[in-house]
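Bear in mind that the values in this text are calculations on the coordinates, not laboratory data. Since the model is a prediction, treat every value here as computed from it, not as a measurement. Using ideal geometry, Cβ is built from the backbone for each residue, glycine included, and neighbour counts are taken over all protein chains shown.
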Amino acid sequence: MAPGLCALAGAWFVLRAAEPPPAPPPATSNAPAAASVSIRPFDWRDVLRPEYADYLARLRAAGCPEHHVRHIVVSDVVNYFDAARLELALEADFEWWKPGAGPKVARGWSAADIEAREAQRQQLLQRYLGEEAARTVRLVPLSLAQDASLTGRVLGSMPLDRFAAAAEICQRSRQRMLDYRTACFNQGQASDPVEETRLRDQTRQELSHLLTPEEMDEFLVRNSHNAETLRQNLRGFDATPAEFLKIFRALDPILHAMQRDYGHESALSARQRETLERQCRQAVQAVLPPERFQAWLQTTDPLYKRAQADGALWGLRGEAVARLFAFYREKAAEKERLARDNTLSPEQRTQALQAVAREEQNFLASLAEGQRSNRQP
């Protein structure tokens, strides 16, 4: 049989949901139509079914060359285990746009589970191709294709060879960072943020040569240092996935460039920090609607973060936190005025600042009391 006819012959071998008996001729012209039969060609979803061996036997009996049968079997087996890997990648995925989120522990990634799947894959090849032919099939070991960083549909759908290569890069990256921090600890030194950024940048460069732009985007938004920092900074903003992605794409190039040169924002001068903050504000303003941009500004304001932290200690939520933030901003202006007032002696300034601190504490307590009262029936 010609190679082109082999695939055509294979298309005739289908799974049938039901095999209806021959239909009798209709008694009248108004007789109901015969029940439809659900059929589909054999594919990778059927490699565990007993009928799959019959399907291959019919292909061979129809004259399909053995190397075509081998190609069909290997392709179906690979696709079957790729689907299982995707299922695990989806199970381990997380809500990467939410603060505190992180990769989940997916069932089925233990060493024993992977070994069992590897054995099952080899058994299927032997069953359908024979032991001798199965030994000549060279596939990427499943044990190389496991990494908690490669989650979600886009990354989980990568072919096994690229998935395994990406997993190896991630594992080397973690080991490099661990080795560096351990060496610093053993020498009694703090790690250098610039060097840590260089190590992270090395990982980005390695992955950029392997992943597509879409895959790289998915990886960074889940696993990068800047994405994790952004998740924590957006507490209270309640970003949607689309908003988080827009903000991350706007800020990551700016922050990563700064980190390569200075390591951390704390190493910047006051003027450099002001320039960086302005660049970040402009970048986010360009991707968010005005009302959401204002909400973002509040969320990233240090006083808002203070209001969130203090509010959490007192059990405040929603509008109460917003009111506390507004009060803190009002008192911050008063503190600044007191700090510039040269008519005050040091003792007077200290007493005035202490009075402001008491006002803040009293206001916080009144908000908490009001919220408790509203909860009572």
Extended-chain gain in nm, criterion 0.36 nm per residue less alpha-carbon gap, Arg337 and Arg349 | 3.3 nm
Name the most mobile residue of Thr343, Thr240, Thr197, meaning the one with the largest mean-square fluctuation, in a Gaussian network model of the chain with Cα contacts below 10 Å.
-> Thr343
Percent relative contact order for the chain, counting Cα pairs under 8 Å at least six residues apart, stands at 11
Can you give me the Cα centroid spacing of the stretch 134-206 and the stretch 314-336 in angstrom?
-> 43
By how many nm would the segment from Asp201 to Gln361 grow when fully extended, if each residue of separation counts as 0.36 nm and the alpha-carbon distance is taken off?
-> 53.2 nm
Rough spin-label spacing in nm, given labels placed 7 Å along Cα→Cβ, for Arg117 and Gln285 | 4.9
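Taking Rh as the Kirkwood radius computed over C-alpha pairs, what is the Stokes-Einstein D of the chain at 37 °C in a medium of viscosity 0.692 mPa s, expressed in µm² per second? Write out the running numbers ahead of the final one.
Values: Rh = 26.9 Å.
This corresponds to a translational diffusion coefficient of 122 µm²/s.
Would you mind estimating how fast the stretch 266-344 diffuses translationally, via Stokes-Einstein at 10 °C and 1.306 mPa s with the Kirkwood radius over Cα pairs, in µm²/s?
Working: Rh = 14.7 Å.
Answer, rounded: 108 µm²/s.
Would you work out if the stretch 184-286 is rounded, prolate or oblate? Take a ≥ b ≥ c from the square roots of the eigenvalues of the alpha-carbon gyration tensor; rounded if a/c is under 1.5, else prolate when a/b is larger than b/c, oblate otherwise. Mind dumping the intermediate values first?
On the way: a/c = 1.76, a/b = 1.15, b/c = 1.53.
It is oblate, given that a/c is not under 1.5 and a/b is not larger than b/c.
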When the Debye formula is applied to the Cα atoms of the stretch 307-370, each taken as the same point scatterer, what base-10 log of I(q)/I(0) results at q = 0.25 Å⁻¹?
-> -0.98
In degrees rounded to 10, the 0-90 angle between helix 241-262 Cα long axis and the longest Cα principal axis of the chain is 70
Angle, helix 160-186 long axis vs. longest principal axis of the chain, Cα atoms, 0 to 90°, nearest 10?
-> 30
Taking a label point 7 Å from the Cα of Glu369 along the Cα→Cβ vector, which residues of the stretch 324-360 have an amide N closer than 15 Å to it?
-> 359-360
Give me the log10 of I(q) over I(0) for the stretch 124-260 at q = 0.10 Å⁻¹, as the Debye formula computes it from C-alpha points; what are the numbers?
-> -0.46
Mean separation of Cα pairs under 8 Å and 6+ residues apart, divided by the residue count of the stretch 307-370: what relative contact order is that in percent?
-> 44
Rounded to whole Hz, the Karplus (6.51, -1.76, 1.60) HN-Hα couplings of the stretch 111-116, x for glycine and proline | 4, 5, 5, 5, 4, 5
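Computed over the Cα atoms of the stretch 286-328, what is the ratio Rg over Rh, Rh following Kirkwood?
On the way: Rg = 11.1 Å, Rh = 10.7 Å.
Taking Rg over the Kirkwood Rh, I get 1.04.
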